[in-house]
Amino acid sequence: MGARLSLQNNNTSATANNQINFCDAGGQSTSAIIGYNTDQTNNYGELVFATRSAQGSPPEERLRIDSDGRLLINKTTNRNKYFNGTYTGQLQVESTNDSTRVTQFVQNSNNSSPHYLVIGKSRGTSVGSYNIVQDSDFLGTLSFQGADGDEMVNGASIEARVNNANGNPGHRDMPADLIFKTNQGHSAPRETLRITAKGQFLKRQQGYGNAYQDDNFGNGMVIKSGWMRFNSSFSNPTKDLVILADGGNANNNMFIKVTVVQLDYPGTEQGLGSIHIGYASAKRYGDSSGKWYVTNSTMALESGSNFHGNYTNVGSLTWENSNPSDTNTLRYTSNRYANYDMYNVQVEVWQNGNCSYYLHEDFVD
């Protein structure tokens with residue numbers, strides 16, 4: 001053990017302290033480090049850092065490290081009533097006015113690089129571990145809490161959770177869902193919305209039941225939508241829309257709506273165009289074959305959209321593979337009015353259960 005500098009105060013009260021002052025040329029203390037002997041029976045202590053911001057007043061406490069190693073900024077005592085229990089935190093920052101209510105993390109560099117705020121998780125039992133996480137592990141939570149007169153209560157949260165169904169965690173491969181929870185007057189928030197690892201958008205149906213399963217969302221409704229835009233050039237472009245993957249044998253189903261805005265600008269005072277709508281559905285057999293059964297409607301003009309009366313061309317929907325098949329692709333084939341029509345295609349997908357599908361990469365989510 002090396003040399004020590006010891007400051008001893010023989011006062012036995014809980015407020016007894018030892019202090020190092022840093023003084024200016026006039027002998028006035030501008031800052032200080034104060035060691036409090038908070039529990040002299042057990043030899044506990046706290047360390048305080050103080051600075052002066054006004055002439056004629058002593059340095060004020062700015063930061064404290066308490067006896068449990070918690071870092072307290074702009075406060076002197078531990079707050080430990082979170083999540084309907086006695087949870088606390090190692091880093092605690094509080095404010096009472098505008099000048100102290102902003103916490104800053106700023107990146108300064110002559111490039112596009114941002115600042116990163118990282119929340120992480122490992123399965124290790126010591127600091128610095130990289131033990132691999134498992135399916136359904138929570139990687140992190142942002143909790144928004146309010147005081148109820150006695151404690152802090154969780155009003156809403158955003159959570160990241162490993163979703164092993166979309167791929168095993170591994171080297172540079174971490175599939176995860178993003179879960180949004182809100183509180184409608186309960187002791188804790190309940191899941192309202194989820195974005196899965198595959199980009200599926202899930203929304204809970206009203207009427208929450210404890211029978212919901214976190215992994216497959218139970219009777220939840222899945223909504224996924226996207227846009228794509230393309231042009232014809234003396235041809236009728238064909239675009240793949242929804243791809244049904246070979247992903248199991250659960251008895252699940254989905255319904256798809258396709259909206260196409262077809263436009264042409266032929267150099268007259270009239271802008272020509274119309275809107276076409278078509279529908280499709282897909283359902284797994286629910287047996288060991290894992291086959292899909294798919295159907296689709298004929299594209300039809302939306303009533304009132306062809307207001308010039310001379311733009312009636314509509315495209316068609318087809319499923320690429322015949323029934324039954326364990327993979328299928330919903331395809332749109334255009335039917336141009338002129339050589340350079342423009343197409344804006346929107347696809348909306350609703351599903352019941354946890355179907356394995358994705359939108360084509362040409363879509364902009």
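Readers should treat all values here as calculations from the given coordinates under stated rules, not as data from a laboratory. From a predicted model like this one, the values you see are computed outputs, not experimental measurements. Positions of Cβ are backbone-derived with ideal geometry, glycine not excepted, and every protein chain shown enters the neighbour counts.
In units of the rule-of-thumb radius 2.2 N^0.38 Å, the chain shows an alpha carbon radius of gyration of 1.51. Using the average count of surrounding beta-carbon atoms within 10 Å as a protection proxy, the listed peptides 323-334, 118-129 rank, highest first, as 323-334, 118-129. Applying 1/(1 + (r/R0)^6) with R0 = 30 Å to the Cβ-Cβ distance of Ser305 and Thr192 gives a FRET efficiency near 0.30. Taking the number of Cβ atoms within 10 Å of each Cβ as an exposure proxy, the fewest-first ranking of Val106, Val261 is Val106, Val261.
Ranked for footprinting exposure by Cβ neighbours inside 10 Å, fewest first, Asp98, Asp39 give Asp98, Asp39.
Taking the average, over residues, of other Cβ atoms within 10 Å as the packing measure, peptides 64-74, 188-198, 48-58, 4-14 rank 188-198, 64-74, 48-58, 4-14 from highest down.
Find, among the chymotrypsin sites (Phe, Trp or Tyr not before Pro) in segment 83-115, those assigned to loop by DSSP (not H, G, I, E, B) with at most 13 other beta-carbon atoms within 10 angstrom. For chymotrypsin sites (Phe, Trp or Tyr not before Pro) across segment 83-115 that sit outside H, G, I, E and B with at most 13 neighbouring Cβ atoms in 10 Å, the list reads Tyr87, Phe105. Segment Tyr130..Asn344, full-extension length gain: 72.4 nm, with 0.36 nm per residue of separation and the alpha-carbon distance subtracted.
Relative contact order of the chain, taken over Cα pairs closer than 8 Å and 6 or more residues apart, is 11 percent. With 0.36 nm allotted per residue and the present C-alpha distance subtracted, the Thr318-Lys121 stretch has 66.4 nm of extension available. In loop segments of segment 33-137 as defined by DSSP, the GluC sites (Glu not before Pro) with at most 13 further C-beta atoms inside 10 Å of their C-beta are Glu94. Among the chymotrypsin sites (Phe, Trp or Tyr not before Pro) found in segment 110-162, those both in a DSSP coil and sparsely packed, with 14 or fewer other Cβ atoms within 10 Å of their Cβ, are Tyr116, Tyr130. Largest first and in whole Å, the equivalent-ellipsoid semi-axes of segment 117-197 read 27, 16, 9, each the square root of five times a Cα gyration tensor eigenvalue.
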